[in-house]
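Engineer: Provided herewith is a single structure, encoded as structure tokens, for subsequent inquiry.
What follows draws every value from the coordinates through simple rules; no lab data is involved. Everything quoted here is computed from the prediction, not taken from an experiment. Using ideal geometry, Cβ is built from the backbone for each residue, glycine included, and neighbour counts are taken over all protein chains shown.
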Protein chains: 2
Amino acid sequence: MSCGGTSRSLVLMTDLSHSQRLRALRTVLAEQDFDGFIIPHADAHQNEFLPPNAERLAWLTGFAGSAGSAAVLAEPAAIFVDGRYTLQVRDQVDGADYAYRHSVTAPMDDWLRENLLPKARLAFDPWLHTQTQRERLERAVKDVGAALVPVMDNPVDAVWENRPGEPLTPIVPHPEQFSGLRSAAKRADLAASLGANALDAVVLTQPDSIAWLLNVRGNDVDHTPLPLSFAIAHADGRFDWFVAPEKLSDALAQHLGSEISIHGPDALGGELGGLAQKRVWVCPNSAAAWIFDRLMAGEATIARGPDPVTLSKAIKNEIELAGTRAAHLRDGVALVGFLHWLSEAAPGGGVDELGAAAKLAAFRAPGEHFRDLSFGTISGSGPNGAIVHYRVTEESNRVLGASELYLVDSGAQYLDGTTDVTRTVAIGAPSAEMQDRFTRVLKGHIGLATLRFPEGTTGTQIDALARQSLWQAGLDYDHGTGHGVGSYLGVHEGPQRISKVGAGTALQPGMIVSNEPGYYKEGVFGIRIENLVAVSPATDIAGGERAMLGFETLTLAPIDRGLIVTSLLNPDERDWLDAYHARVREEVGGLLTGAAHDWLVAATAPLEND
Amino acid sequence: MSCGGTSRSLVLMTDLSHSQRLRALRTVLAEQDFDGFIIPHADAHQNEFLPPNAERLAWLTGFAGSAGSAAVLAEPAAIFVDGRYTLQVRDQVDGADYAYRHSVTAPMDDWLRENLLPKARLAFDPWLHTQTQRERLERAVKDVGAALVPVMDNPVDAVWENRPGEPLTPIVPHPEQFSGLRSAAKRADLAASLGANALDAVVLTQPDSIAWLLNVRGNDVDHTPLPLSFAIAHADGRFDWFVAPEKLSDALAQHLGSEISIHGPDALGGELGGLAQKRVWVCPNSAAAWIFDRLMAGEATIARGPDPVTLSKAIKNEIELAGTRAAHLRDGVALVGFLHWLSEAAPGGGVDELGAAAKLAAFRAPGEHFRDLSFGTISGSGPNGAIVHYRVTEESNRVLGASELYLVDSGAQYLDGTTDVTRTVAIGAPSAEMQDRFTRVLKGHIGLATLRFPEGTTGTQIDALARQSLWQAGLDYDHGTGHGVGSYLGVHEGPQRISKVGAGTALQPGMIVSNEPGYYKEGVFGIRIENLVAVSPATDIAGGERAMLGFETLTLAPIDRGLIVTSLLNPDERDWLDAYHARVREEVGGLLTGAAHDWLVAATAPLEND
């Protein structure tokens, strides 16, 4: 457990098989008089990337995907994964130990209703479930007359020998040169909004919210530069930060100033319990059930609402926007270098997926302010490109073959901005089908890139514009069209999204989202075209009556002209593509010389009429 | 009150002013020791069109709009209306008696928090609020330490002299020739779905659900052929119908058969109370709070869910679809007759809004199976066309002027189908601005008419496609793009809609919706182009991979070619318009002769290139 006073069990074992681990867990559960236990893929912060000590699901079952959960009863057990992982889970998890279930169409609460006996005592770790998730489990457990019991010591940890320790990386200031706004000003805004809502305090459990608020960064998880911590912000301006002292330095203390009260993580429970009679804002969809229990035990009045920092953080200020433009230009130089290299190296059959990903990383690494990749590169050729969340391994690695498509989705963390870009490239001559599909995806991408929409419009309302051309051909793709992106923070952040459902937040100027329609022909090829865009006012509309918004495209890299059927584009779409390419040529090309520059000039030439 | 045992007060008064009515109500409230009362525009069924005896809001305040509510405290009182009625309420309601409030941006619960005193006793009529509405009021009242008290006798009725009686129109069978499915089969499906959900019964409070289920029609409210009634359907197939015996006939009893148990309306409370220990489905968004109170008093287990008949009713069967096509052809003949007449009569200045509406009704009335208009015709010229819910009166009536637009939104109830169509016509020469706006609205209309979309798609997901062309010019319209339509039932029905928010039901084959984008320039002109469309499988997509749906356009009437800027249409849009006009010419034209036929041929000629 990443916080909250776990004590390591004294059970010592040599390295066990996954079946042995399951047996050992069941023994511990029986000793503690529990009939079952839930193991989600989660840490105490609901982080996207987990620290190694929170990888309990992988340790117990062998399943290495980024989302899932298991339920272990004395008999039976089941593992729940979504459509991305239905194949992978069969490779990695023994079907004799765990029944495979689809987490959406056959969710855990239904399985519990089928398998829990009346009066059973089902344990759960209240640090690893949000309050909303706990309440859903509770309904199922109550329906069958069983009980859901929080455990203070996670039973998996009792049997996990050599479990890694808590990550304790140094926390560093994130200078105003990049953040654009002093922490004191951000905290004053937050305190004012608490006051305006007649609330006394807000509990912050999302590390990126706290990192943004304090203008600090860390390295406790992969790819997202955040330190794990908790905080309580008070309406009177006080700010309690709960963070491991090993991660702090004198320089940081100076950066933070005297207004921040620093506590060890173990002090959180006591402080929550001390909020008696206070009105406390807390987010049921991100805060652990443990937080709610402590607040209720302390007789605080809970006001449920979304983490208020999430929206403030999503709306980038002018300094952050300038930073992301600079980072994207730098990223464009690396991408063009890579695409040029690929155009020469791949057609001969000398490039494989692992090699391409490494080469792209090598092009990025020398960039100013470069710190890390923003996620593990998706480098998929041919059929591997059709696997939406593909991660190349030594086993899956394949050479980029002739007449195949190669899809590369990658990004970087620069001090001044986070990038995320996907390009799909034909190796040799593409088929007419590939070109038709690519052009339809491109039409969707341009549909969003050129869209104007009134203030108040949400991502769900505009998602179809990216799909329309595919729909007309009886096609679609099974992922969202866009996700929010942070400023040297998470490559996935809320609250804004562009997707069929669940994107109910209005898009507002300063928000960064991806624009990434795709098409996937299973077992054959995959296509995705992804640029990041910033929401911006559309002030250039003659005769317009309403305040309108649009998107400023941030990503700068050529789109493979060899995959475009020009006759399928209308004149406005051609104009957009040519203008975008001219901009890439001018801005990125100005920083290149020699063969790479020559290649870029050719790759960004205007479309010819078919 | 429309049911539930109201006793008429003995207070007798001569006709009172609205101020006197308010004083009289306050006197009654004080006598009953109440500090306030809520008067919604609602009846016990949440009908769209209220019977006259439920028009308490209009009687008390003078406000004649279709939505709103008032809150009357000893001091002060307020009336709440939405954006459609902010001007009208000032004309009709005395600001000295009632504060004007916007029902969305300054809703009643906030006003109550501001104005209710602690320990106040606020009365409400539990027949006139849904359970959801009651719970929202309850939160506000509790927040200030006051009490929300249900009253059994509505205090308005105690002071409303000569209040109309309950409507008691005859109920008639709706033959299988039009309904397409026997009531017994519909009821068997409903009983099976109750069994599948482990429920014992469902309470039905929406008269159109019951009319559909029993294949009966009535005339208790304007424009929608439904009888007011309640029902309880049981999982074992029993069916209890609560309906005034005066509305029944021997022929109807024979039509219904012996499986229906008929009770007077007063028996409903007793039957609900008798469902002790049963699991009972009831819809909190349509059923009155009174229903919930009776079920809870009887110790039933309440399962909240949407009225299950609503979705079944929305998915029309083949007979109903054939019926609506026949009705729309008939309606098209009337519309073409009207538009032809208008083209000759209006340019001379001899037509006013009232006259045009009467003429259109006269063209419809002789049609086979015609029974009624489906709503009061919106007949607006020039600036009146920009009022979205305009209803022409003797005072507002104006002559259709030269170089103006005329907007006519109308529909009819035929035994075999319900119609709803809007056409916007230029009287004389339109301005370039009118043509530009009309063409953008048309592009949105065609965008939906030609759209294909995957199964599972909702109205919110596709609404923007109807707005996109307006958005690009900085324009929009402030109403939904489409509403569900019944089969010789409500011209507005759920659950499907096409709108920016709240249209979360998947569009399914057989559903009928309107396709009606618009544009309104306040004080100058209004544009709307409305056809009804039926959702249908799109089976003609070569190479398509997914089950796709599309829309079959039902409405048959020419769209004013003189308002179209052909160069703004792309080739696909031109093709759609020409094909639609060719279809209108062929299908409607085949039933016309003489001058009307000649006019139609010219009005539906292919577009010429600009």
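Engineer: Kindly write out, for the range A:359-376 in residue order, the coupling ³J(HN,Hα) from the Karplus curve 6.51 cos²θ - 1.76 cosθ + 1.60 (θ = phi - 60°), rounded to whole Hz, with x marking Gly and Pro.
Structural biologist: 5, 4, 4, 5, 5, 7, 3, x, x, 4, 6, 5, 10, 5, 6, 8, 5, x
Engineer: Would you mind giving the mean number of other chain beta-carbons within 10 Å of the Cβ of each residue in A:146-153, as a whole number?
Structural biologist: 0
Engineer: Could you give me the ³J(HN,Hα) list for the range B:328-337, computed from phi with Karplus coefficients 6.51, -1.76, 1.60 and θ = phi - 60°, whole Hz, x at Gly and Pro?
Structural biologist: With coefficients 6.51, -1.76 and 1.60, one gets 5, 5, 4, 5, x, 4, 5, 5, 5, x Hz.
Engineer: Moving to a separate point now. Once you keep just the Cα pairs under 8 angstrom separated by 6 or more residues, what percentage relative contact order results for chain A?
Structural biologist: 10 percent
Engineer: Right, next: Would you mind pulling out the separation of the Cα centroids of the range A:16-38 and the range B:233-305, in Å?
Structural biologist: Between the Cα centres of the range A:16-38 and the range B:233-305 lies a distance of 51 Å.
Engineer: Rounded if a/c is under 1.5, else prolate if a/b is larger than b/c, else oblate: which is the range A:140-198, with a ≥ b ≥ c the root eigenvalues of its Cα gyration tensor?
Structural biologist: oblate
Engineer: Continuing with the same structure: Measuring from a point 7 Å out along Cα→Cβ, what nm distances, shortest first, does residue B:297 have to its partners in the other copies?
Structural biologist: Ordered by increasing distance: 4.4 nm.
Engineer: A further question follows. Identify all lysines with a Cα-Cα distance to residue A:142 below 18 Å; exclude those on the same chain that are fewer than 8 residues away in sequence.
Structural biologist: A:119
Engineer: Place the label 7 angstrom along Cα→C-beta at residue A:523 and in each other copy, then list the distances from the first to the rest in nm, shortest first.
Structural biologist: 6.7
Engineer: Net charge around residue B:287, counting only other residues with Cβ within less than 12 Å of its Cβ (Lys, Arg = +1; Asp, Glu = -1)?
Structural biologist: Once positives and negatives cancel, what remains is +1.
Engineer: To the nearest 0.05, how large is the calculated FRET efficiency for residue A:587 and residue B:142 if R₀ is 41 Å and r is the Cβ-Cβ distance? Can you show the working numbers first?
Structural biologist: Numbers: r = 59 Å, r/R0 = 1.45.
E(calc), rounded to 0.05, equals 0.10.
Engineer: Other chains near A:492-501: what is the mean number of their Cβ atoms within 10 Å of each residue's Cβ?
Structural biologist: 1
Engineer: Taking a label point 7 Å from Cα toward Cβ, how far is residue B:94 from its twins in the other copies, in nm, shortest first?
Structural biologist: 8.5
Engineer: Determine which lysines satisfy two conditions relative to residue B:186: a Cα distance under 17 Å, and not lying fewer than 8 residues away in the same chain.
Structural biologist: The qualifying lysines are B:313, B:316.
Engineer: Using the Cα centre as the reference, give the magnitude of the dipole from point charges on the C-beta atoms of the protein assembly as shown (Lys, Arg: +1; Asp, Glu: -1; all else neutral), rounded to the nearest 20 debye.
Structural biologist: 660 debye
Engineer: Between the range A:425-461 and the range B:489-561, how many Å separate their Cα centres?
Structural biologist: 25 Å
Engineer: If amide hydrogens are placed 1.01 Å from N in the peptide plane, which non-local residues have theirs closer than 5 Å to the one on residue B:217?
Structural biologist: Here the answer is B:172, B:174, since their amide H atoms fall under 5 Å of that of residue B:217.
Engineer: Taking other Cβ within 10 Å of each residue's Cβ, how do A:476, B:250 sort, fewest first?
Structural biologist: Least crowded to most crowded, the residues run B:250, A:476.
Engineer: Further, regarding this structure: Averaged over B:542-553, how many beta carbons belonging to a partner chain fall within 10 Å of each residue's beta carbon?
Structural biologist: So the per-residue partner count for this stretch is 3.
Engineer: OK, next. For chain A, take the longest principal axis of its alpha carbons; what is the angle in degrees between that and the long axis of helix A:18-31, to the nearest 10 within 0 to 90?
Structural biologist: For A:18-31 against chain A, the angle is about 30 degrees.
Engineer: Quick one: which of A:107-119, A:418-430, B:494-506, A:362-374 comes out on top by average Cβ neighbours within 10 Å, and what's the full order, highest first?
Structural biologist: In decreasing order of mean packing, A:107-119, A:418-430, B:494-506, A:362-374 become A:418-430, B:494-506, A:362-374, A:107-119.
Engineer: In which sequence would B:262, A:446 go, from the one with the fewest C-beta neighbours within 10 Å to the one with the most?
Structural biologist: Ascending Cβ contact count within 10 Å gives the list B:262, A:446.
Engineer: Related question: Once you order the gyration tensor axes a ≥ b ≥ c over the Cα atoms, which shape class does the protein assembly as shown get: rounded for a/c under 1.5, otherwise prolate or oblate by comparing a/b with b/c?
Structural biologist: Numbers: a/c = 1.76, a/b = 1.28, b/c = 1.37.
It is oblate, given that a/c is not under 1.5 and a/b is not larger than b/c.
Engineer: How large is the helix-only mean residue ellipticity at 222 nm for chain B, computed as the sum of -39500 (n - 2.57) over DSSP H runs with n ≥ 4, divided by its residue count, in deg cm²/dmol to the nearest 500?
Structural biologist: -10000 deg cm²/dmol
Engineer: Quick one: what do you get for chain A if you divide its Cα Rg by 2.2 N^0.38 Å?
Structural biologist: 1.00
Engineer: Now, a different point. Before anything else, pin down the relative contact order of the range A:213-319: Cα pairs under 8 Å, at least 6 apart, normalised by residue count, whole percent.
Structural biologist: Reported as a whole number, the value is 18 percent.
Engineer: Further, regarding this structure: Can you work out the Karplus-derived ³J(HN,Hα) for every residue in the range B:44-50? Use 6.51 cos²θ - 1.76 cosθ + 1.60 with θ = phi - 60°, whole Hz, and x for glycine or proline.
Structural biologist: Computed from phi, the couplings for the range B:44-50 are 6, 10, 6, 5, 6, 9, 8 Hz.
Engineer: Right, another one. If we count every other residue with Cβ under 12 angstrom of residue A:168's Cβ, Lys/Arg +1 and Asp/Glu -1, where does the sum land?
Structural biologist: -2
Engineer: Rounded to whole Å, give me the distance from the Cα center of the range A:315-386 to that of the range A:168-202.
Structural biologist: Between the Cα centre of the range A:315-386 and that of the range A:168-202, the gap is 32 Å.
Engineer: List the relative contact order of the range A:1-144 as a percent without decimals, with contacts defined as Cα pairs under 8 Å and 6+ residues apart.
Structural biologist: 25 percent
Engineer: Determine the sum of side-chain charges near residue A:328: Lys and Arg each +1, Asp and Glu each -1, restricted to other residues whose C-beta is under 11 angstrom from that of residue A:328.
Structural biologist: Working: positive: A:325, A:330; negative: A:331, A:416, A:420, A:552, A:587.
Local charge sum for residue A:328: -3.
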